[in-house]
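The values are calculated or read from the model by the stated rules, or taken from the named source; none is laboratory data. None of these values were measured; they are calculated from a predicted model. Cβ sites come from the backbone with ideal geometry, for glycine too, and all protein chains shown count toward neighbours. With ligands, DNA and RNA removed, areas are computed over all heavy atoms of the protein, side chains included. Shrake-Rupley method; radii C 1.70, N 1.55, O 1.52, S 1.80 Å.
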Number of protein chains: 2
Amino acid sequence: MGAGEEAMSATANPAKRADARRNEKALLDAAASVFVTDGVDAPVRRIAAEAGVGMGTIYRHFPTRADLVVAVYRHQVEACAEAGPALLATATSPFAAMGQWVSLFVDFLVTKHGLAAAMRDDPDGFAALHALFLDRLVPVLADILSAARDAAEVTADVTAYQLLRAIGDICAGAERVDPEYDARLTVRLLLEGCRR
Amino acid sequence: MGAGEEAMSATANPAKRADARRNEKALLDAAASVFVTDGVDAPVRRIAAEAGVGMGTIYRHFPTRADLVVAVYRHQVEACAEAGPALLATATSPFAAMGQWVSLFVDFLVTKHGLAAAMRDDPDGFAALHALFLDRLVPVLADILSAARDAAEVTADVTAYQLLRAIGDICAGAERVDPEYDARLTVRLLLEGCRR
DNA sequence: CGAATATACGGAGCAGTGTTCCGATTGGCA
DNA sequence: TGCCAATCGGAACACTGCTCCGTATATTCG
C-alpha cells in the first residue's frame, strides 16, 4: 500500500525549502480551521485563501483533498486506535470495551462535518484515508471483537470491517442534525444485534 | 405539509396545454431511464437532452430535482407501503413480517443508484421525497413495529422513524459495490438488536 | 558577497456543474 | 384565420475542481 508514503510526503520534511515548509504548515492550520466551519467539502479556493496561498500551492502539497484530510486527522485516528487495547484491559468485559471503543469512534466521526459522508461518496478519492482506517482501526476492532467472541459475548458472524463500515455509514447519515434521530441509539442496537 | 401539492403539480393535469403534457411525460420517461444508468445525481442537461427538451422546460415542470425524483418513484414507494399490511397478515410472526417488509424497502433503495445518499446529502432539496417517506412508509413500519411489540418480539425503545432512517443510511452507504460489505447483514443485525 | 539554479509560488484559465432569464415559438380559442 | 397567452429553448451566469506555466525566491556555489 502506497497510502502511507503518499500522506507521509505531506508531513514535515527537512529537505524542503523553508517557504515550502511554512506554507505546508499554514495549509494544515487553515484546512483544520475551515473543515470545522465548512466541513471537509469546503471549496479548495477557500482553504487556499485562508492560508494565504495560491491554488497551485495547495495542489502541489496535497495533490488530492484526501491527502489534506488525512494529514489533518491522522493523529486523531492514531489516538482512537491506541485507545483500543487500553479499553480492552480496563473494561468490565470485552463487549463493554467494544461499546466504549465504538463510542470513541463515533465521537471522532460526528465531530468532523461530512467526513464519513465524504469518504462514503468518494471512496476512490479518499482511498488514502480509507487505507488509514483499514490499517489502524480495523485491526483494533478485530482484536476487541475476537476477545468478545472468546468470552461468548458475541456470536454473530460479522467481521470487524463490516462493523466499522456500518458504523461509519450510520454516522455519515447522522451528520445532519435532527432531534428525532439519534445515531448512537442505532449503533447501540447494532452492537446489541451482534451480541444476540 | 405542502410537499404533497408540490409534487402533485408535476403530475398529469388536463388543464395544461398539449405540448406541456407531452413534454412532462417525455421528461419522466427520460429521467427514469437516466436515473437507472447514471443515478439520481445525473446532470440536468443529460436528462433534458434525453427528453429532447431545453433547460428551461425541465425547470418549469420540475422546479427542483426532488420533484422529478418523487414523480418518478412515487408509485414504487406506494407499492412498498401497501405491502406492509399484507405481510403482517401472512407472515408467521410480526417480527418476520418486519424482516420481510424491511427487505422490500432495502430492495427499493439499493436498486436506485444514489437515491438514499442523495436524500441524505441534500435533505432540504429532497424535502418532498422525505415527506413522502414520512407520510407513507413510517406509519406502515410503525404498525408492524407495534404489532411486534405487542407480541413481545421487540422490546427495544426505538421508533419507526429512527429505524427507517437508520436503514436508509445503511443503504446509502452500501450503494458503492464492495464484496467485503453486505448492507443486508448490517440491517439484519440491527433488527436483531431491536428484538433483544 | 553576488550570481546561478533548482525549487516553489500564484492565479489565470479550462471544463463541468446547477440555475435563471427572456426572446422565439406554438397551441388553443374566438 | 388571426391573436394572445402559455410554453419552449438555450445562452448566460455563478460556482465548483483542477492544471499549467511565467514569475519569484531560497539555497548553493564561486
Worksheet item: Being over 22 Å from B:Pro123 (Cβ atoms) and free of Cβ contacts under 8 Å to residues at least 12 places away in the same chain, is that true of even one residue in region A:99-116?
Response: yes
Worksheet, complete the sentence: B:Ala30 meets each of (1) out of contact with any Gly (no Cβ under 9 Å at 6 or more places or on another chain); (2) without any contact (Cβ under 8 Å) to a residue 60 or more places away in the chain; (3) in a helix (DSSP H, G or I); (4) outside the structural domain of B:Leu137 (by TED's automatic domain parsing) with one exception, condition (1)
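Any idea which residue in region B:141-161 is farthest from the other protein chains (Cβ to nearest Cβ), counting only those that are buried (at least 21 other Cβ atoms within 10 Å of the Cβ) and outside any loop (DSSP other than H, G, I, E, B)? I'd like the intermediate steps shown before the answer.
In the first step, residues of region B:141-161 are kept if they are buried (at least 21 other Cβ atoms within 10 Å of the Cβ); the result is B:141, B:144-145, B:148, B:154.
Imposing the further condition that a residue be outside any loop (DSSP other than H, G, I, E, B) reduces the set to B:141, B:144-145, B:148.
On the way: B:Leu141: 14, B:Ile144: 16, B:Leu145: 13, B:Ala148: 14 Å.
So, considering only residues that are buried (at least 21 other Cβ atoms within 10 Å of the Cβ) and outside any loop (DSSP other than H, G, I, E, B), the one farthest from the other protein chains (Cβ to nearest Cβ) is B:Ile144.
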Worksheet item: If we scan region B:109-119, do we find a residue that is more than 14 Å from every other protein chain (Cβ to nearest Cβ), away from DNA strand C (no atom under 16 Å from the Cβ) and modelled with pLDDT of 90 or more?
Response: no
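Which of the residues belonging to region A:166-177 are open to solvent by 20 Å² or more (accessible area, probe 1.4 Å) and either part of a helix (DSSP H, G or I) or in contact with a Leu (Cβ under 6 Å, 6 or more places away or on another chain) (or both)?
Just the residues of region A:166-177 that are open to solvent by 20 Å² or more (accessible area, probe 1.4 Å), to begin with: A:174-177.
Hit for region A:166-177 is A:Ala174, nothing else.
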Discussion item. Taking the conditions exactly as written (at pLDDT below 95, away from DNA strand D (no atom under 12 Å from the Cβ) and either assigned to a loop (DSSP other than H, G, I, E, B) or among the basic types (Lys, Arg) (or both)), does B:Asp67 satisfy them or not?
Written reply: no
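Select, from B:Leu129, B:Leu185, the only residue that is in contact with a helix residue (DSSP H, G or I) (Cβ under 9 Å, 6 or more places away or on another chain) and either within 8 Å of chain A (Cβ to nearest Cβ) or at pLDDT 90 or above (or both). So that I can check it myself, show each step before the final result.
Working: B:Leu129 fails: either within 8 Å of chain A (Cβ to nearest Cβ) or at pLDDT 90 or above (or both).
That would be B:Leu185, the only listed residue that is in contact with a helix residue (DSSP H, G or I) (Cβ under 9 Å, 6 or more places away or on another chain) and either within 8 Å of chain A (Cβ to nearest Cβ) or at pLDDT 90 or above (or both).
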Practice prompt. Among the residues of region B:162-195, write down those that are among the small types (Gly, Ala, Ser) and under 15 Å from B:Ser103 (Cα atoms).
Written response: B:Ala166, B:Gly168, B:Ala172, B:Ala174, B:Ala183
Worksheet item: In region B:49-86, what residues are open to solvent by less than 30 Å² (accessible area, probe 1.4 Å) and either more than 16 Å from DNA strand C (Cβ to nearest atom) or more than 15 Å from B:Lys25 (Cα to Cα) (or both)?
Response: B:Ala66, B:Tyr73, B:Val77, B:Cys80, B:Ala81, B:Ala83, B:Gly84
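I need the full set of residues from region B:39-63 which are part of a loop (DSSP other than H, G, I, E, B), within 15 Å of DNA strand D (Cβ to nearest atom) and not small (Gly, Ala, Ser), in order please.
Correct list: B:Asp41, B:Pro43, B:Val53, B:Phe62, B:Pro63.
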Worksheet, complete the sentence: Cβ pairs under 6 Å, 6+ apart or interchain, first in region A:49-75 and over 11 Å from A:Ala32 (Cβ atoms), second within 8 Å of DNA strand C (Cβ to nearest atom), ordered by first then second residue, are A:Val53/A:Asn23; A:Met55/A:Ala48; A:Thr57/A:Asn23; A:Ile58/A:Ala48; A:His61/A:Glu24
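Looking at region A:94-102, can you tell me whether even one residue there is away from DNA strand D (no atom under 16 Å from the Cβ) and open to solvent by 70 Å² or more (accessible area, probe 1.4 Å)? Explain how you work it out, then say what you get.
Applying the first criterion (away from DNA strand D (no atom under 16 Å from the Cβ)) to region A:94-102 yields A:94-102.
Within this subset, residues satisfying the condition of being open to solvent by 70 Å² or more (accessible area, probe 1.4 Å) are A:100.
Looking through region A:94-102, at least one residue is away from DNA strand D (no atom under 16 Å from the Cβ) and open to solvent by 70 Å² or more (accessible area, probe 1.4 Å).
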